[in-house]
Ligand code: MG
């Protein structure tokens, strides 16, 4: 990862643009976030709506990667990472609503550390994983729990539109290999429901990069959702759910019911 910077994506006068936060000020990013760029015009952090910081081609999510969450799900620890895909169309940014699908039953929050890939990555050795990571972000792996239990695989339960809030930024240069780990928390309506750190991961971030890229190529902007700790729980319309990742910030999304009039032809 590059030295400590935060990368945001903003609605800049109707156009999505990346912005770099460094030394307390924001500047438009001129060039390619994943290639050559330089900081440009200074912009106000408060005048522009935040968007999801990347548009991934895919999200590769890891199940049962915290021991306490596997226990609360009543499942044995996996012998190797258990992965599934969330579609890019599920991504929403900070402040955008998580929409509860009609008839889906229980829908849960899952606070996770998202690993944003910085360059094309295939067959990456574990020892080299860090070179392929742009930075970390907050991700909510929203899950229709009843459908997850009902279906053989997770595509429906994990794949609804709005089920992958990401943001508010990508933080580079964080010491995710450090002894303390990266803190991750999930909050609902101001109450902390999940709290752990990446040192509790069953499979480390570097191990996940190696494991996933042994299967499929990860493209710049793709995200690995590293799993959720214990404390997952149901969401209801009107809730506000927040994912906090140490060194990244907070990602808050309101929860709303599906509009029953949707598709009514007006
Ligand atoms: Mg998850």
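The values are calculated or read from the model by the stated rules, or taken from the named source; none is laboratory data. This one's a predicted model, so the numbers in the text were calculated from it and none came from an experiment. Note: ideal-geometry Cβ built from the backbone for every residue, glycine included; neighbour counts use all protein chains shown.
Please state which one of 202, 184, 209, 215 is touching a helix residue (DSSP H, G or I) at 6+ places or on another chain (Cβ under 8 Å) and more than 24 Å from residue 74 (Cα to Cα). Even if it seems obvious, please write down each step before you answer.
Details: 202 fails: more than 24 Å from residue 74 (Cα to Cα); 184 fails: more than 24 Å from residue 74 (Cα to Cα); 215 fails: touching a helix residue (DSSP H, G or I) at 6+ places or on another chain (Cβ under 8 Å).
Step by step, each of 202, 184, 209, 215 is checked, and only 209 is touching a helix residue (DSSP H, G or I) at 6+ places or on another chain (Cβ under 8 Å) and more than 24 Å from residue 74 (Cα to Cα).
Identify, please: which residue in the range 231-241 is in contact (Cβ under 8 Å) with a residue 60 or more places away in the chain and in a strand (DSSP E or B) and is, among those, surrounded by the most Cβ atoms within 10 Å (Cβ to Cβ)?
241
Starting from the range 150-161, keep only residues that are in contact (Cβ under 8 Å) with a residue 12 or more places away in the chain, then list their pairs with residues that are part of a loop (DSSP other than H, G, I, E, B) and surrounded by 13 or more Cβ atoms within 10 Å (Cβ to Cβ) whose Cβ atoms are within a distance under 6 Å, requiring at least 6 positions of separation or different chains.
If the second residue must be part of a loop (DSSP other than H, G, I, E, B) and surrounded by 13 or more Cβ atoms within 10 Å (Cβ to Cβ), the pairs left are 159/87; 160/101.
Going by the conditions given, is residue 208 farther than 20 Å from residue 87 by Cβ, within 14 Å of the ligand (Cβ to nearest atom) and touching a strand residue (DSSP E or B) at 6+ places or on another chain (Cβ under 8 Å)? Explain how you work it out, then say what you get.
Details: farther than 20 Å from residue 87 by Cβ: no; within 14 Å of the ligand (Cβ to nearest atom): yes; touching a strand residue (DSSP E or B) at 6+ places or on another chain (Cβ under 8 Å): yes.
In short, no.
Among the listed residues 119, 27, identify the single one that is more than 16 Å from the ligand (Cβ to nearest atom), surrounded by fewer than 21 Cβ atoms within 10 Å (Cβ to Cβ), modelled with pLDDT of 95 or more and in a strand (DSSP E or B). Don't jump to the end; show me each part of the working.
Working: 119 fails: in a strand (DSSP E or B).
Unique residue meeting the criteria: 27.
Is it true that residue 110 is within 13 Å of the chain's Cα centre (by Cα) and either modelled with pLDDT of 95 or more or surrounded by fewer than 19 Cβ atoms within 10 Å (Cβ to Cβ) (or both)? Walk me through it before giving the result.
Working: within 13 Å of the chain's Cα centre (by Cα): yes; either modelled with pLDDT of 95 or more or surrounded by fewer than 19 Cβ atoms within 10 Å (Cβ to Cβ) (or both): yes.
Against the criterion (within 13 Å of the chain's Cα centre (by Cα) and either modelled with pLDDT of 95 or more or surrounded by fewer than 19 Cβ atoms within 10 Å (Cβ to Cβ) (or both)), residue 110 qualifies.
Quick one: which of 221, 186 is under 18 Å from the mean Cα position of the chain (by Cα), at pLDDT 95 or above and within 16 Å of the ligand (Cβ to nearest atom)?
On the way: 221 fails: within 16 Å of the ligand (Cβ to nearest atom).
186 is the lone residue from the list that is under 18 Å from the mean Cα position of the chain (by Cα), at pLDDT 95 or above and within 16 Å of the ligand (Cβ to nearest atom).
Identify, please: which residue in the range 191-205 is more than 19 Å from residue 127 (Cβ to Cβ) and touching a strand residue (DSSP E or B) at 6+ places or on another chain (Cβ under 8 Å) and is, among those, farthest from the ligand (Cβ to nearest atom)?
That would be 192.
Can you tell me how many residues in the range 132-146 are part of a helix (DSSP H, G or I) and either closer than 24 Å to residue 183 by Cβ or free of Cβ contacts under 8 Å to residues at least 12 places away in the same chain (or both)?
From the range 132-146, those part of a helix (DSSP H, G or I) are 132, 145-146; that's our starting set.
In the following step, the residues that additionally are either closer than 24 Å to residue 183 by Cβ or free of Cβ contacts under 8 Å to residues at least 12 places away in the same chain (or both) were identified as 132.
Adding up the residues that qualify gives 1.
Of everything in the range 35-62, what is within 18 Å of the chain's Cα centre (by Cα), more than 16 Å from the ligand (Cβ to nearest atom) and either without any contact (Cβ under 8 Å) to a residue 12 or more places away in the chain or surrounded by 17 or more Cβ atoms within 10 Å (Cβ to Cβ) (or both)? Give them in sequence order.
Step one: of the range 35-62, the residues within 18 Å of the chain's Cα centre (by Cα) are 50-62.
So of that shortlist, the ones also more than 16 Å from the ligand (Cβ to nearest atom) come out as 50-55, 57.
50, 51, 52, 53, 54, listed by residue number.
Looking only at the range 1-8, decide whether some residue is within 16 Å of the ligand (Cβ to nearest atom) and either at pLDDT below 95 or touching a helix residue (DSSP H, G or I) at 6+ places or on another chain (Cβ under 6 Å) (or both). Spell out how you get there, then give the answer.
First pass over the range 1-8, keeping only residues within 16 Å of the ligand (Cβ to nearest atom): none.
So far as the range 1-8 goes, no, none of its residues is within 16 Å of the ligand (Cβ to nearest atom) and either at pLDDT below 95 or touching a helix residue (DSSP H, G or I) at 6+ places or on another chain (Cβ under 6 Å) (or both).
Just for strands (runs of 3 or more DSSP E) wholly inside the range 63-114: which have at least 3 residues that are within 15 Å of the ligand (Cβ to nearest atom)? Spell out the reasoning first.
Values: elements: 82-86, 98-100, 107-109.
By residue number, 82-86, 107-109.
In this structure, does residue 16 turn out to be in contact (Cβ under 8 Å) with a residue 12 or more places away in the chain and within 16 Å of the ligand (Cβ to nearest atom)?
Considered against the rule, which asks whether it is in contact (Cβ under 8 Å) with a residue 12 or more places away in the chain and within 16 Å of the ligand (Cβ to nearest atom), residue 16 comes out as no.
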